[in-house]
Amino acid sequence: MPSGALLFQSVLLGLLLGGLYALLASGLTLYFGIMRVVMIAHSAFLILAAYLAWWLHDQAGIDPLLSMIGTVPLFFLAGVGLQRALLTRLRPATLTMMSVLLTFAIALLIEGLLGYAFSGTQRRINLGYGSASLEVLGARVAVVKLIAFGLAVVALTTLYLLMKKTRFGWALRATIQHRDAARLLGIDTDRVAGFGFGIGLATAAVGGTALSLDTTIYPSLHWHWIGPLMAIIVVGGLGSVPGAAIAALVLGMAQSLLQIPMGTTWAQTVFYVALFATLAFRPQGFFGGRLAQRF
Amino acid sequence: MLNASRALKAGAILLLAAGILAFPSLAPNPYILSVGVLVLNYAALSTSWNFVGGFTGYISLGHGALAGLGAYGTGLLVAKGGLPPFLALFAGATLVAALAVPIGFAALRVRGASFVIVSISLVLILLLIFQSWASVTGGSRGLVVPRPFDLSRPEHHRVFYYLFAGLLALALLVWWLIDRSRFGLGLKSIREDEDKAEALGTATYAYKLIVFVVSAFFTALTGGLYALWFGDLDPVFQFSILTGSYLVLMALLGGVRQLFGPVVGAIIVGTALEYFKGAYGDTPLHLVATGLLLALVVLFMPDGVLPAVADLFKRFDRTQSSSIREVTASELRDERLKKAEGAAR
Amino acid sequence: MTSTLATTDLRKAFGGVTALDGATVEFQHGKVNALIGPNGSGKTTFFNCVTGMIKPDSGTVTYDGRDITGKAPHTIARHGMGRTFQLCRTFPRMTALENVLAAVPVGGLLAGLRGAKRRSEIDRAISWLTRLGIEHLAGSEARDMSWGQQKLLELAGVLMSEPETVLLDEPAGGVNPALLDRIGLLVRELNAEGRTFVIVEHNMDLVMSISDHIVVFDRGRPIASGPPSVIRTDEKVLGAYLGV
């Protein structure tokens, strides 16, 4: 039996990890809700943002957190462009399948270009506060992890307020729930969909920065993220943002706790086990998106 | 006009078959011959992929993993189980087909998106397992599969070249049989409109599951044959997300609704792949090229090369005969009957 | 009066919106039944529950005395119920002939491996296409056909599966007056041959001229039923339509 302190530390780390998962999964859910697109390139953009943060720090000594001033608007624009210029070109009848291929192709492109530009070498930012840690009730937690979690919480809260309190959020939710009806209400759904994609990619920029703080990065790292993220959105119920957030926290916690008896590698399987179990026994997910039954 | 285009088609197919069969005697050195084996391996894999992708329209990015499972199944049965190589090949493929039942059960219950998610996850989880479970799979040290024949290197390639060609022919035959069957018509109606197909009485879930298992069987068979040919398995290559994307690219480029689409795509992409590997080695630019090409095909040529060529011929035809669309019912019936009788003989 | 398709206390809600609020309905065997009601009164949801496309939250659907609640659409189709869709749906990249042939139910796995284009079935398919007046399009892909032709093609496909009961979701939607007359006539003819019809329709002229029995929906449940002459003068119906 692991000691209480170890358990507590794992719970804490799981919570911090789950927060990051929740932020990233919310982006993925947003795309799916808006256009029924499974955006495979989401985690590739995540790694791209991490690389940009590392590069800016490496070249100009800019703190990763400051790099967000550039990457977040940049990614927002990229998202709008991606939706308006590429995804709308696909035939509606085969949109789900073809968009997967298209975003998959973009993921390969990003991975290849990162490898070309920065080589496959593993990179890591060395921050002055990188090794600092706090002691919380006997558990040691790295400061950078807390910062990453803080970023995730701030971004998720902003997203939540944006969705619930603003006129744009109202239009976005209307578009997600019933595109045709939204159009009848005078909402320019294409424009809203473009902005929705931009916001989704902006979450990847925030997530990537958070990731770069305490993770060793390399071009193919995005595959280690997309699997868990896809599992999270299925378990949470495709298209449901709160569902994805809850699933992210639960699974992040499970991964962290399972690392004690199983080790880091096998603990990752929890995502896939959850994915298969969900699809086999409750395909609509556990925190039920209405859309999930049909996809 | 219809007969002329059919003769043209038959000629093209004969030419393709003759070219494939004659290749080993024309290949100047064993390296080129081994490239030929690889291309046939890709052709067999993408044709196997096309059982699902072409008929039902469900895009799997995880068929690389099914091939890898077939390779490791065969390899382990030979190396650790002591089974004769070709018995191991069929046993391995059967095991993978059996495993495809629960996978399909989970992946196909709902529509498209979940299927893609499961297919990618399959690659990721199997890579994880086969790398970590070193005591059984050899982990990243690899698994050496003993060769089935005691032959010189060129002879070894030649024998396997024909084995792969035979397997490809078998996969094509089965695809063709399904294509013209009622089962195939049901599958295609799923591709066109799944709700509608189900409302007309097609048991869509069972249909999808059956064809997925058939596809997995052929994919695993090809993977197993690869293991016997290549003799050395590494999880990183067997469970690579890239293999799956190559297969999709090949099938899509050639045309998923065509019997020979994936073969044509495999010849184009496979040859290019090996050429660039030979000329420039393994660089990240492979990924860039694959990504770009895939994006271009998806955006501008989702039906593939073969239909594009066929359209070109049709336009050329139309300048001579006023309309080829309007066929009277009786003509159509006669033609179908003739075709049916021809097939029965 | 014998009943063929009946529901008891059918309920279905989407999120907070109640689409069906305890619908108990009986349709008459061998008759042309119509289901009418204002927009959003739950007609299409009712159709989808009856044909298995969506599962009701509660309540039962019986067909020929058998409970078919929540069964898969293909199972229900095989019990002898065929349906068309609100916005007509065909298989766009299949020829008209293939569209109709795709409606032949496959018995077992082995039967499925037989050729799709057998003589007897082609004859039957062509005779349906002929009857609907679109046999000259047999070799054309559905996506190249006009709206009206696609509607006829969809109907041909449904009829090919030999249903005892045919459910039509807005057969008059988007078709021209000439075609409308033809569809009306066809329904009466096919009914005379023994098929039961259930039709969801907004076009009152069509409904009043071809149906024997009308059920009126409002806010997810039936508020009236009877022959056209009765429905025409029913105050509740007028109220529902005029918002009185």
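Readers should treat all values here as calculations from the given coordinates under stated rules, not as data from a laboratory. Remember, it's a predicted structure, so these values are computed and weren't measured experimentally. Neighbour counts run over all protein chains shown; Cβ positions are idealised from the backbone, glycine included.
Counting other beta carbons within 10 Å of each residue's own, what order do B:Leu233, B:Leu16 fall into, fewest first? Before the final figure, lay out each step's value.
Details: B:Leu233 24, B:Leu16 14.
The most exposed by this proxy come first: B:Leu16, B:Leu233.
Within a 10 angstrom radius of each residue's Cβ in B:237-249, how many Cβ atoms of other chains show up on average? Whole number is fine. Don't skip to the end; give the middle numbers.
Values: counts 0, 0, 0, 1, 8, 2, 0, 1, 5, 0, 0, 4, 2.
Whole-number average of other-chain Cβ neighbours for B:237-249 is 2.
Please work out the Kirkwood hydrodynamic radius for the range B:225-285, using every pair of different C-alpha atoms, and report it in angstroms with one decimal place. Present the calculation step by step, with values, prior to reporting the outcome.
Working: mean 1/r = 0.0776 Å⁻¹.
In the range B:225-285 this quantity evaluates to 12.9 Å.
Please express the shape of the range C:40-102 as an equivalent ellipsoid: the semi-axes are the square roots of 5 times the eigenvalues of the C-alpha gyration tensor, given largest first in whole angstrom. Before the final figure, lay out the partial values.
Values: eigenvalues 124, 47, 14 Å².
Whole-Å semi-axes of the equivalent ellipsoid: 25, 15, 8.
In debye, nearest 20, what is the charge dipole magnitude of the range B:2-344 about its Cα centre with +1 on Lys and Arg Cβ and -1 on Asp and Glu Cβ, if you could check? Let's see the in-between values first.
Working: 25 positive and 20 negative charges, 63 e Å.
I would put it at about 300 debye.
Over all Cα pairs of chain C, how is the pair count split among 5 Å bins, expressed in % and running from 0 up to the last occupied bin?
1, 6, 14, 17, 19, 16, 13, 8, 4, 1, 0, 0
With unit charges on the beta carbon (Lys/Arg positive, Asp/Glu negative), name the residue among C:Ala142, C:Val104, C:Leu153 whose Cα is farthest towards the positive pole of the charge dipole of the range C:91-162.
In the range C:91-162, that residue is C:Val104.
With the contact rule set at Cα under 8 Å and sequence spacing of 6 or more, what percent relative contact order holds for the range B:2-344?
Details: 451 pairs, mean separation 99.3, N = 343.
Once divided by the residue count of the range B:2-344, the mean separation gives 29 percent.
One-quarter of the Cα convex hull surface for the range B:1-45, in nm²? List each step's numbers first, then the result.
Values: hull surface 15.0 nm².
Spelled out: convex hull of the Cα atoms, projected over all directions, averaged, 3.8 nm².
Taking Cα atoms, how many degrees apart are the long axis of helix A:4-35 and the longest axis of chain A, rounded to 10 and kept between 0 and 90?
Tilt relative to chain A: about 20 degrees.
Within 10 Å of each Cβ in A:212-224, how many Cβ atoms from other chains are there, averaged over the peptide? Intermediate values should be presented prior to the final figure.
Details: counts 0, 0, 0, 0, 0, 0, 0, 2, 3, 0, 0, 6, 2.
For this peptide, the per-residue mean of nearby foreign Cβ atoms is 1.
Give the average over all directions of the projected area of the C-alpha convex hull of the range C:1-136, one decimal, in nm².
Numbers: hull surface 43.5 nm².
Spelled out: convex hull of the Cα atoms, projected over all directions, averaged, 10.9 nm².
Would you mind checking which residues have amide H under 5 Å from A:Ser133's amide H? H placed 1.01 Å from N; only 5 or more apart, or other chain.
Distant-sequence amide H within range of A:Ser133: A:Val143.
For the range A:4-290, what is Rg from Cα atoms divided by 2.2 N^0.38 Å, rounded to two decimals? Numbers along the way, then the final one.
Values: Rg = 18.6 Å, N = 287, 2.2 N^0.38 = 18.9 Å.
It is 0.99.
Rounded to the nearest 0.05, what FRET efficiency do A:Leu162 and B:Ser135 give with R0 = 41 Å and r taken as the Cβ-Cβ distance? Could you check? Show your work: numbers first, answer last.
Details: r = 51 Å, r/R0 = 1.24.
That gives a FRET efficiency of 0.20.
Taking chain B as a Gaussian network, where each spring joins two C-alpha atoms under 10 Å apart, which residue of B:Val123, B:Val236, B:Val263 fluctuates the most?
The residue that fluctuates most here is B:Val236.
Can you sort B:Val116, B:Val96 so the residue with the fewest Cβ neighbours within 10 Å comes first? Show your work: numbers first, answer last.
Working: B:Val116 24, B:Val96 28.
The order, fewest Cβ neighbours first, is B:Val116, B:Val96.
Based on Cα coordinates alone, diagonalise the gyration tensor for the range A:154-214, multiply each eigenvalue by 5, take square roots, and list the semi-axes in whole Å, largest first.
Numbers: eigenvalues 146, 28, 10 Å².
Ellipsoid half-lengths, sorted descending, are 27, 12, 7 Å.
A:Lys145: which aspartates and glutamates have alpha carbons under 19 Å from its alpha carbon, excluding same-chain residues fewer than 8 sequence positions away?
A:Asp63, A:Glu135, A:Asp214
Excluding residues on the same chain fewer than 8 positions from C:Lys12, give the aspartates and glutamates whose Cα lies under 15 Å from its Cα.
List returned: C:Asp21, C:Asp57, C:Asp218.
Pairs to check: B:Lys9/C:Lys117; A:Lys165/C:Lys43; C:Lys31/C:Lys236; B:Lys188/C:Lys151; B:Lys196/C:Lys236. Give those whose C-alpha atoms are more than 29 Å from each other in this structure. Numbers along the way, then the final one.
Details: B:Lys9/C:Lys117 21 Å; A:Lys165/C:Lys43 35 Å; C:Lys31/C:Lys236 24 Å; B:Lys188/C:Lys151 20 Å; B:Lys196/C:Lys236 36 Å.
From B:Lys9/C:Lys117; A:Lys165/C:Lys43; C:Lys31/C:Lys236; B:Lys188/C:Lys151; B:Lys196/C:Lys236, over 29 Å: A:Lys165/C:Lys43; B:Lys196/C:Lys236.
Quick check on the exposure proxy: order B:Ser121, A:Ser67 from fewest to most C-beta atoms within 10 angstrom. Don't skip to the answer; put the middle values down first.
On the way: B:Ser121 26, A:Ser67 23.
Fewest to most other Cβ atoms nearby, the residues stand as A:Ser67, B:Ser121.
Among the helices of chain B (complete DSSP H runs), which have Cα atoms covering no less than 18 Å along the helix axis and a Kyte-Doolittle mean of at least 0.5?
Working: long enough: B:2-26 (36 Å, 1.40); B:30-56 (39 Å, 1.06); B:63-79 (24 Å, 1.14); B:85-107 (32 Å, 2.01); B:112-132 (30 Å, 2.38); B:153-179 (38 Å, 0.80); B:204-230 (38 Å, 1.42); B:241-254 (20 Å, 1.99); B:261-280 (28 Å, 0.99); B:285-300 (22 Å, 2.58); B:305-318 (20 Å, 0.26); B:329-344 (22 Å, -1.08).
Span-like helices here: B:2-26, B:30-56, B:63-79, B:85-107, B:112-132, B:153-179, B:204-230, B:241-254, B:261-280, B:285-300.
Between B:Leu242, B:Leu252, B:Leu285, where does the largest GNM mean-square fluctuation fall for chain B, given springs only between Cα atoms within less than 10 Å?
B:Leu285
Computed FRET efficiency, Cβ-Cβ of B:Leu312 and A:Ala5, R0 60 Å: what is it to the nearest 0.05?
0.25
Read phi for every residue in the range C:85-102 and hand back ³J(HN,Hα) as whole Hz from Karplus 6.51 cos²θ - 1.76 cosθ + 1.60, θ = phi - 60°, with x for Gly and Pro.
Karplus values, whole Hz, x for Gly and Pro: 9, 4, 9, 3, 10, 10, 8, x, 9, 10, 5, 4, 4, 5, 4, 6, 5, 5.
Go through B:Ile129, B:Ala44, B:Leu247 and say which Cα lies farthest out towards the positive end of the charge dipole of the range B:2-344; charges sit on Cβ, +1 for Lys and Arg, -1 for Asp and Glu.
Sorting the options by dipole projection puts first B:Ala44.
Report the residue, chosen from B:Gly223, B:Gly11, B:Gly186, that carries the largest GNM mean-square fluctuation when chain B is represented by alpha-carbon nodes joined by springs under 10 Å.
B:Gly11
Find out how many positive minus negative residues lie around C:Glu162, taking Lys and Arg as positive, Asp and Glu as negative, among other residues whose Cβ is under 11 Å from that of C:Glu162.
Working: positive: C:Arg78, C:Arg124, C:Arg195; negative: C:Glu164.
Value of the local net charge: +2.
For the range C:86-244, what's the relative contact order in percent, using C-alpha pairs closer than 8 Å and at least 6 residues apart? Working shown, then result.
On the way: 181 pairs, mean separation 32.2, N = 159.
Over the range C:86-244, the number comes to 20 percent.
Can you work out the base-10 log of I(q)/I(0) for the protein assembly as shown at q = 0.04, 0.05, 0.06, 0.07 1/Å, using the Debye formula on its C-alpha atoms alone?
Scattering profile of the protein assembly as shown, log10 relative to I(0): -0.20, -0.32, -0.46, -0.63.
Taking the Cα-to-Cβ direction at A:Thr216 and at A:Arg89 and moving 7 Å from each Cα, how far apart do the two end points lie in nm?
For A:Thr216 paired with A:Arg89, the spin-label model returns 3.9 nm.
Averaged over every viewing direction, what's the projected area of the C-alpha convex hull for the range A:21-112? Give it in nm², one decimal, please. The partial results should precede the final answer.
On the way: hull surface 25.1 nm².
Answer in nm², one decimal: 6.3.
Against the globular-protein guess of 2.2 N^0.38 Å, express the Cα radius of gyration of chain B as a ratio, rounded to two decimals. Working shown, then result.
Working: Rg = 20.9 Å, N = 345, 2.2 N^0.38 = 20.3 Å.
Output field value: 1.03.
When Rg is the radius of gyration of the Cα atoms in the range C:91-162 and Rh is its Kirkwood radius, what does Rg/Rh come to? Could you put the intermediate results ahead of the total?
Values: Rg = 11.8 Å, Rh = 12.1 Å.
On the Cα set of the range C:91-162, Rg over Rh gives 0.97.
Please state, as a whole number in µm²/s, the translational diffusion coefficient that the Stokes-Einstein equation yields for the range A:242-287 at 25 °C and 0.890 mPa s, with Rh defined as the Kirkwood radius across alpha carbon pairs.
On the way: Rh = 11.0 Å.
Once the numbers are plugged in, D ends up at 222 µm²/s.
Considering every residue in C:119-128, what mean count of other chain Cβ atoms within 10 Å of its Cβ is obtained? Intermediate values should be presented prior to the final figure.
Values: counts 5, 0, 1, 6, 2, 0, 2, 5, 1, 0.
Mean shielding count: 2.
I need to check one value: relative contact order of chain A, counting alpha carbon pairs closer than 8 Å and at least 6 residues apart, in percent.
Working: 468 pairs, mean separation 100.1, N = 295.
After rounding, I find 34 percent.
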